[in-house]
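The values are calculated or read from the model by the stated rules, or taken from the named source; none is laboratory data. Everything numeric in this text was worked out from a predicted model, so none of it was measured. Here the Cβ is made from the backbone with ideal geometry for all residues, glycine too, and neighbour counts use every protein chain on show. Please note that ligands, DNA and RNA were not included when accessible areas were found on the heavy atoms of the full protein model with its side chains. Shrake-Rupley method; radii C 1.70, N 1.55, O 1.52, S 1.80 Å.
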Amino acid sequence: MKIIFFGTPQFAVPSLEKLIQDPDITVQAVVTQPDKRRGRGKQLIPSPVKSLATQHQIPVWQPQRVKKDLETLQYLQQSDADVFIVVAYGQILSQNILDVPRLGCINGHGSLLPKYRGAAPIQWCLYNGESETGITTMLMNAGMDTGSILLKEKTSINISDNAHNLAKTLSLNTANLLIKTIDDLNQQRITPEPQNDSQATYAPLISKDDYLINWSRSALALHNQIRGFYPNCITIMREQTLKIKSSIPIDIALCSSLNSIYQSMNINVEKLLESLNQKQFPPGVVAEVLKNHGPIISTGTGFLLLLEAQLAGRRSQSGWDFANGTRLEVEEQLG
């Protein structure tokens, strides 16, 4: 099997690694996004996919716009690739590219399609508090994640998962599912299944406004926002930007899913809530600083324990170290 791989971020690296290691597959070339300037020195940094391809001496193509780059288009059209594999590439492929390979273009997508079509499926499924997600491989068409489904693999979501560790799990699952998909499709063991568009939901690009914490929302909703958009959710403290990187709701209704975490932290939720509910706190106020753990913030509904935070210009700290280092006081207002 001859393959051309399209991908850019770290999420796509395990898939490319798996394809390179497979003795029955030849990766003829990699197409990835152009190098970007990063860091204080604004040095050009290659994508993780390019770095891996370079290590294995695989030719790399980096068009600014793949649909209009004549040199890249000519190479793709003249290739004898059996299939194009696409994992988090970051550009939409035109129909004349999709039509090139014998078996078509296979995409590995980080959701159970037709749910969460779009650019940020992992982040939005966490934001919405889903208990399950997964990987879908599909035959690409000109739409946004609308192609016929080939294979799916489900993954459970723990309430303590964030976008980083869930993406790591799903990236490994994508790599394995792509190998099976390629083999099954080549052996005609798969019948592509059209998606039911009426069941589609969407996962758009994340904007800066999505990172802003509104303390009038419930503790569970804020926890899902913080883990979904990890590590970028922010509030204001003492006229400075404060990143909230990790949290846990203090909620008796969540004991069934959070009990092991509460026990590991030696937290008696009933007793703690009894103490917290003795006084009315407006949203965003420090209700208590829990010893060895961190500040508990009042929300629109319930309380949120901050486990990791980072003030602008400082390193990230545990909630307890943050509260001690800033001398955080009860009834102090955030936001």
Check your understanding: Do we have N214 as open to solvent by 50 Å² or more (accessible area, probe 1.4 Å), outside any strand (DSSP E or B) and under 30 Å from F303 (Cα atoms) here?
Key -> yes
Practice item. All but one of (1) open to solvent by 60 Å² or more (accessible area, probe 1.4 Å); (2) of a type in the set (A, V, I, L, M); (3) touching a residue at least 40 places away in the same chain (Cβ under 8 Å) hold for I252, so report the exception by its number. Key: (3)
Point to revise | Any chance P295 is open to solvent by less than 60 Å² (accessible area, probe 1.4 Å), in contact (Cβ under 8 Å) with a residue 12 or more places away in the chain and either hydroxyl-bearing (S, T, Y) or in contact with a Phe, Trp or Tyr (Cβ under 8 Å, 6 or more places away or on another chain) (or both) | key: yes
Practice item. Out of N158, N165, report the one residue that is in a helix (DSSP H, G or I) and either surrounded by 22 or more Cβ atoms within 10 Å (Cβ to Cβ) or under 18 Å from the mean Cα position of the chain (by Cα) (or both). Key: N165
Check your understanding: What residue, of S218, S247, is hydroxyl-bearing (S, T, Y), in contact (Cβ under 8 Å) with a residue 12 or more places away in the chain and in contact with a helix residue (DSSP H, G or I) (Cβ under 7 Å, 6 or more places away or on another chain)?
Key -> S247
**Study point:** Checklist (1) touching a residue at least 12 places away in the same chain (Cβ under 8 Å); (2) more than 20 Å from P114 (Cβ to Cβ); (3) of a type outside the set (K, R) applied to D197, failing item
**Key:** (2)
Review point. Quick one: which of T181, T191 is part of a helix (DSSP H, G or I), hydroxyl-bearing (S, T, Y) and farther than 30 Å from Y262 by Cβ?
Key: T181
Review point. Which residues, counting only those in segment 185-211, are among the hydroxyl-bearing types (S, T, Y) and surrounded by 14 or more Cβ atoms within 10 Å (Cβ to Cβ)?
Key: T201, Y202, Y211
Point to revise | From D80, D99, D145, residue being at pLDDT below 95 and among the acidic types (D, E) | key: D80
Review point. Here are L311, L328, L304: which of them is over 13 Å from S247 (Cβ atoms), buried (at least 17 other Cβ atoms within 10 Å of the Cβ) and in contact with a Leu (Cβ under 6 Å, 6 or more places away or on another chain)?
Key: L311
Exercise for review: Answer yes or no as to whether I244 is among the aliphatic types (A, V, I, L, M), surrounded by 14 or more Cβ atoms within 10 Å (Cβ to Cβ) and touching a Ser or Thr at 6+ places or on another chain (Cβ under 8 Å).
Suggested key: yes
Review point. Which of (1) part of a strand (DSSP E or B); (2) open to solvent by less than 30 Å² (accessible area, probe 1.4 Å) is the odd one out, the single condition K152 does not satisfy?
Key: (2)
Check your understanding: If you take the residues in segment 18-48 that are of a type in the set (D, E, K, R) and assigned to a loop (DSSP other than H, G, I, E, B), which one is surrounded by the most Cβ atoms within 10 Å (Cβ to Cβ)?
Key -> D22
Practice item. Would you mind telling me which numbered condition in (1) in a helix (DSSP H, G or I); (2) open to solvent by 100 Å² or more (accessible area, probe 1.4 Å); (3) within 18 Å of A88 (Cβ to Cβ) S51 fails? Key: (2)
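Yes or no, residue by residue, for (1) outside any loop (DSSP other than H, G, I, E, B); (2) under 29 Å from the mean Cα position of the chain (by Cα); (3) closer than 21 Å to E193 by Cα; (4) not basic (K, R):
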position: Q77; (1), (2), (3), (4): yes, no, no, yes
position: D80; (1), (2), (3), (4): no, no, no, yes
position: F84; (1), (2), (3), (4): yes, yes, yes, yes
position: G90; (1), (2), (3), (4): no, yes, no, yes
position: I97; (1), (2), (3), (4): yes, yes, no, yes
position: L103; (1), (2), (3), (4): no, yes, yes, yes
position: I106; (1), (2), (3), (4): yes, yes, yes, yes
position: S111; (1), (2), (3), (4): no, yes, yes, yes
position: P114; (1), (2), (3), (4): no, yes, yes, yes
Exercise for review: Being farther than 23 Å from N173 by Cβ and of a type outside the set (V, I, T) is the filter here, so list the residues in segment 12-32 that pass it.
Suggested key: Q28, A29
Practice item. Specify the residue that is nearest to I20 (Cα to Cα); the eligible residues are those in segment 54-70 that are open to solvent by 100 Å² or more (accessible area, probe 1.4 Å) and either assigned to a helix (DSSP H, G or I) or aliphatic (A, V, I, L, M) (or both). Key: Q55
Point to revise | Subset of segment 104-136 (residues that are touching a strand residue (DSSP E or B) at 6+ places or on another chain (Cβ under 9 Å), open to solvent by 10 Å² or more (accessible area, probe 1.4 Å) and among the small types (G, A, S)) | key: G104, G118, S131
